[in-house]
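Okay, structure first, notes after.
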Amino acid sequence: MTSTQMDRAMGLQLYEIMVRIRRFEEVVIELFARGKIPGFLHSYLGQEASATGVCAHLRADDYITSTHRGHGHILAKGARTDLAMAELFGKSTGYCHGKGGSMHIADPDIGILGAIGIVGAGLVIANGAAFSAQYRGTDQVAVCFFGDGASNTGTFHEGLNLAALWQLPVIFVCENNCYAESTPQCDHQSITDVAVRAQGYGMPSCIVDGNDVLAVYEAAGEAIARARSGQGPTLLETKTYRMRGHYEGDPQNYRSREEVDQWRDLGPIRRFRGVLTGEGVVDAELEAIDAGVEAELEAAITFAEENPLPDVRDVRYGIYTEETEVA
Ligand SMILES: Cc1ncc(C[n+]2csc(CCOP(=O)(O)OP(=O)(O)O)c2C)c(N)n1
Ligand SMILES: [Mg+2]
């Protein structure tokens, strides 16, 4: 393996997490098409290496913020597939009692501060979490996942500016998947590398092949170590590709089948399987991991199918907080 920090056990763990995300996405795409999942579905399929390589360095008490395309982020951070599946089904046993759905999953107990549909909002929320860690004197870090399109918002610039000024323990991970909705990157910004924007704020940055999980793991490891040791924020750009439409049902008449096929050949799981087998991992080991993930997902679907919808009497639960007196 090329990464200096990688051992065999970690390699297999990264593989398992990527397969879990991939299969979760493939399964929910099918269930969505069958009408089992309400609302919108924005698939993370193809981007698995980014969340996996970054989150492999995080502890349960580190924070992440996620996006509308966030299933991969939460699974890489340690979310359970059954509770996530139930949430997508809108069931009361889901992460947010069925009120968040695909785009709004949170679990503060494992540092998942929430997936946010407002593009660019995660940067300033991650800053808040990072500031809290800095203020409390802990070595926790915050990771913000966002897209190339989000890097054109005001909150992106405000977020980078403040994080650099206050040297916050935050890592901004821009998953550049070549599109913002139907708009290719070349039609929404004048640069090819989002990472160059960090220079304007005196912040280190790094560009990495986002479909190479080892490369992401290594680059993220450096950025996270810097943040943990009080050396401030980093902007990490992972170059990847959105294999599905912006949302399930997107007619995708803005890109060619050939383009998608070319990127399929560069897919992160296919590539990493090749790396692992080149290092002597036998197919049977990988197939055992695949089978374990399959069984986990079958159980998750059963859990989601069999659990109840939220009770209408709980409609206000978790939406409003009790008013409290502030002294
Ligand atoms: C503030 C805001 N503006 C616009 C939208 C509509 N919108 C939803 S997703 C999206 C594109 C986001 O692109 P990118 O940040 O590259 O993320 P990707 O979908 O590629 O993961 C837009 C413009 C929104 N949700 N929030
Ligand atoms: Mg994008």
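Read-outs: derived from the displayed coordinates by stated rules, not from any lab. Predicted, not measured: the structure shown is a model, and the values here were computed from it. Using ideal geometry, Cβ is built from the backbone for each residue, glycine included, and neighbour counts are taken over all protein chains shown.
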*Please report 170, 28, 315, 213 as a ranked list, fewest other C-beta atoms within 10 angstrom at the top and most at the bottom.*
315, 28, 213, 170
*When N counts the residues of the stretch 194-327, how does its alpha-carbon radius of gyration compare numerically with 2.2 N^0.38 Å, as a ratio?*
1.57
*Distance in nm between label sites at residue 9 and residue 139, each 7 Å beyond Cα in the beta-carbon direction?*
2.0
*Overall form of the stretch 77-164 per C-alpha gyration tensor (a/c, 1.5; a/b vs b/c)*: oblate
_Per DSSP, loop chymotrypsin sites (Phe, Trp or Tyr not before Pro) in the stretch 39-98 with at most 16 further Cβ within 10 Å_ = 40
*Between residue 116 and residues 5 or more places away or on another chain, which pairs have amide H atoms under 5 Å apart, with H built 1.01 Å from N, and which residues are they?*
66, 67, 68
*In 10 Å bins starting at 0, how do the alpha-carbon pair distances of the stretch 132-246 split up by percent?*
14, 46, 31, 8, 0
*Rule-of-thumb check for the stretch 1-156: C-alpha Rg over 2.2 N^0.38 Å?*
1.04
*Tell me, what ³J(HN,Hα) does each residue in the stretch 84-95 have, in order and in whole Hz, if you take phi through Karplus 6.51 cos²θ - 1.76 cosθ + 1.60 with θ = phi - 60° and put x for Gly and Pro?*
5, 4, 4, 5, 5, 6, x, 8, 5, 8, x, 3
*Simple label model, 7 Å out from Cα along Cβ direction - residue 266 to residue 183, nm*: 2.2
_What whole-number distance in Å separates the alpha-carbon centres of the stretch 101-155 and the stretch 231-289?_
24
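Would you list 32, 272, 146, 131 from fewest to most Cβ contacts within 10 Å?
131, 32, 272, 146
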*Rank the residues 203, 18 as a footprinting-exposure proxy: fewest other Cβ atoms within 10 Å of their Cβ go first.*
203, 18
*asked:* Using the basic label-point model (7 angstrom from Cα toward the beta carbon), what is the residue 284 to residue 258 distance in nanometres?
replied: 4.4
*Treat the chain as a sphere of radius equal to its Kirkwood radius over Cα pairs and apply Stokes-Einstein at 25 °C in a medium of 0.890 mPa s; give the translational diffusion coefficient in µm²/s, rounded to a whole number.*
122
_Overall form of the stretch 198-256 per C-alpha gyration tensor (a/c, 1.5; a/b vs b/c)_ = prolate
_Per DSSP, loop GluC sites (Glu not before Pro) in the stretch 236-327 with at most 10 further Cβ within 10 Å_ = 322, 323, 325
_Relative contact order (%) - criterion: Cα under 8 Å, at least six apart; region: the chain_ = 23
_Other-chain or far-sequence residues with amide H under 5 Å of residue 141's (modelled H)_ = 63
